[in-house]
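Next up is a structure, given as structure tokens.
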Amino acid sequence: MDHIQRYIGEIGLIITAIIWGSGFVASAVALEHYSPYQILAVRFLVGALVVAVVFSKRIKTIKKTTLIKGAVLGVFLFMAFALQTVALQFTTPSKNAFLTAVNVVIVPFIGFLFYKRKIDGFELLGAMLALSGVAAISLQFSTKINVGDLLTLCCAIAFAFHIFYTAKFVKDEDPVLLTLIQMSTAALIGLFVIIFKGETTLSTNTEGITMLLYLAIFSTTIAFLLQTIAQKYISETKAAIILSTEAFWGMVFSIIILNEVLTFKMMIGAILILSAILLSETKLTFLKKTKIGRLM
């Protein structure tokens, strides 16, 4: 039964990564019509409303602990997305994507530093491989470091804490209600920011609204529900590694939809990311079995 739940969790996170990968195109189009903070506020607000309507009966059972834990996740979530968006004004999208993915390495160290958890060698090696793969896909190699790069590193830390505490909190809380509260918290922060910045007028352009709704329903509602539920069954480091494949899927959708040319560097990156998942998932047990089979 545990194996089945783990597989369900892994499939859920893979689907989440695929959806987030496809969101690169939607975000690029949406940014032509809305400010970054408008996109964040609307996607989280719509996401929270959809979850609240679909799972309205569960709201009656909400606990104080769920409200507190969901609010903590919501703060990390908004911080991560806001830092990532602001950083894009000072750095390149490719460096932004790579530095964000540093969270895959940070996650196991959060457990080690704050909770004295032992770091699994295979998962750590898998995290390093995944990071190398994302670098190969996304990074335009340059030694220049600027404010945007530092902001993106802060974004990666926020994402790492979000992934870590999602895994921790979901063990004792309803994943649906946890998702609802974190989205509501992020939406409230987002609404406060756009009111403060005077960005309350939204474009009614059909293309912009379509992309905004895609980001709200798929990249936010469905993806975060899947992530929260899936993390109930697998470790936070494995979750971070699987979610890092977002860069790989972003590459795939860029090739299919935006006709981006597949380079040798991108192929190497894809191989490294897939190798990272294979390593962290199997811990190379299949090689041991093969060796035993030959001895027999």
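The values are calculated or read from the model by the stated rules, or taken from the named source; none is laboratory data. Treat the numbers as computed from the prediction; the structure is a model and nothing was measured. Here the Cβ is made from the backbone with ideal geometry for all residues, glycine too, and neighbour counts use every protein chain on show. Accessible surface is based on the protein model in full, side chains and every heavy atom, while ligands, DNA and RNA are left aside. Shrake-Rupley method; radii C 1.70, N 1.55, O 1.52, S 1.80 Å.
Let me know the Rg and Dmax you get for region 149-219 when you use only its Cα atoms, in Å.
Rg, Dmax (Cα atoms, Å): 15.5, 43.
Continuing with the same structure: Mind putting a number on the dipole of region 195-282 about its Cα centre? Charges go on the C-beta only, +1 for Lys and Arg and -1 for Asp and Glu, and I need it in Debye to the nearest 20.
Here the size comes out at about 140 debye.
While we're on this one: Compute from the Cα atoms of region 15-123 the Rg and the Dmax, the latter being the longest Cα-Cα distance, and quote both in angstrom.
17.2, 47
While we're looking at this one, here's another question. Starting from the Cα gyration tensor of region 23-68, take the square roots of the eigenvalues, sort them a ≥ b ≥ c, and report rounded, prolate or oblate (rounded when a/c is under 1.5, otherwise prolate if a/b is larger than b/c, else oblate).
It comes out prolate by the Cα gyration axes.
Which percent of the accessible area of the chain is formed by carbon and sulfur heavy atoms (probe 1.4 angstrom)?
73
Quick check for you: with a 1.4 Å probe and neighbouring chains kept, what is the accessible area per residue of the chain, in Å²? Each step should come with its number before you reach the end.
Values: 14710 Å² over 296 residues.
Dividing the accessible area of the chain by its residue count gives 50 Å².
What pairs in LYS197/LYS232; LYS232/LYS265; LYS57/LYS232; LYS116/LYS265 have C-alpha atoms more than 31 Å from each other? Working shown, then result.
Numbers: LYS197/LYS232 38 Å; LYS232/LYS265 35 Å; LYS57/LYS232 21 Å; LYS116/LYS265 37 Å.
Cα-Cα > 31 Å for LYS197/LYS232; LYS232/LYS265; LYS116/LYS265; rest within.
As a test question: what accessible area, to the nearest 10 Å², does TYR34 have when a 1.4 Å probe is rolled over all protein chains in place?
Using a 1.4 Å probe on the heavy atoms, I get roughly 10 Å².
Once the other residues with Cβ under 13 Å from the Cβ of ASP2 are scored (Lys, Arg +1; Asp, Glu -1), what is the net sum?
Net local charge, ASP2 excluded: +1.
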